[in-house]
1. With r defined as the distance between the Cβ atoms of residue 265 and residue 116 and R0 fixed at 25 Å, what FRET efficiency is calculated, to the nearest 0.05?
2. Relative contact order for region 246-285: what is it in percent, counting Cα pairs under 8 Å that are at least 6 residues apart?
3. Where does each of 244-256, 204-216 land if you order them by average Cβ count within 10 Å, highest first?
4. Taking every DSSP beta bridge with both residues inside region 8-304, roughly what % is antiparallel (nearest 5)?
5. Just how far, in whole angstrom, is region 232-248 from region 197-211 if you go by their alpha carbon centroids?
6. Binning at 5 Å from 0, report for region 8-304 what percent of all alpha-carbon pair distances ends up in each bin.
7. Could you order the peptides 262-269, 283-290, 95-102 from most to least packed, using the average number of other C-beta atoms within 10 Å per residue?
8. For region 8-304, what is the relative contact order in percent, using Cα pairs closer than 8 Å and at least 6 residues apart in sequence?
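Any read-out appearing in this document is the output of simple, stated calculations on the displayed coordinates, not a laboratory observation. Note that this is a predicted model, so its numbers are computed, not measured. Here the Cβ positions follow ideal geometry from the backbone for every residue, glycine too, while neighbour counts run over all protein chains shown.
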């Protein structure tokens, strides 16, 4: 099995978390593989001490992988919850099904199937684009008891799609190409550093460089079709049958809070909003990181009773 253990990507990320942010991760997650929707999905697993109160499934965004969410996982395991963090199809070390056609619709489907395979309470926690993916997955699942999101970006909205691109003109050009010549657009493969403002993931220059140059993030190439199907994915209903917690970073220059609130106000159901004091798109700065952990713990306590 392909592994992140001793992988330069993980070793560099872990070192930067410690040296630049004071986050000394103590646990090396266990790695497993799950056969989900025909994919061989690589999954990180963190186990609590004692019996788990439930399972939290972490959902990464369009510029990451399951291992990037390790800083969010450790506090949750300390709260007594088991944590699963999969590499979604096309990202990280997951081996995709032979017929995978880079359709974004596969992402919420995979998360929903993982959730349905668990016992006990299941909470989905999505960061970046993973926030709305978690909402879509919860709508498809019969098992999800709650959703936590750091951002809620409706990338089917042309204005939001353009704003989320590295350069606005790239976003507008992509929208034009998707509408007028999707067959040609789908043939393109682009590096993530070109399409996505990965520097905005963090306020720290060394971490910015990591996101831009890492082989699994900025230096990885993705078919443009994935982003077209992401933009054209249609939410059939904004009704959510479980509680939602939105914890938006207060200093997110990539996706300002008001963009998440546009979706948050649209979602029908029990919900709560917390804006972190600071924190970039990946909120690992203090005190945002502590505030996120505290809000997550309170939410999970309510779920577990």
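1. In this case the efficiency is close to 0.30.
2. Normalised by residue count, the contact order of region 246-285 is 62 percent.
3. Order by mean packing, descending: 244-256, 204-216.
4. Roughly 40 percent of the DSSP beta bridges within region 8-304 come out antiparallel.
5. 28 Å
6. Reading upward from the zero bin: 1, 6, 12, 18, 20, 19, 14, 7, 2, 1, 0, 0.
7. Details: 262-269: 15.4, 283-290: 19.9, 95-102: 13.5.
Per-residue mean Cβ counts within 10 Å order the peptides as 283-290, 262-269, 95-102.
8. Rounded, it is 17 percent for region 8-304.
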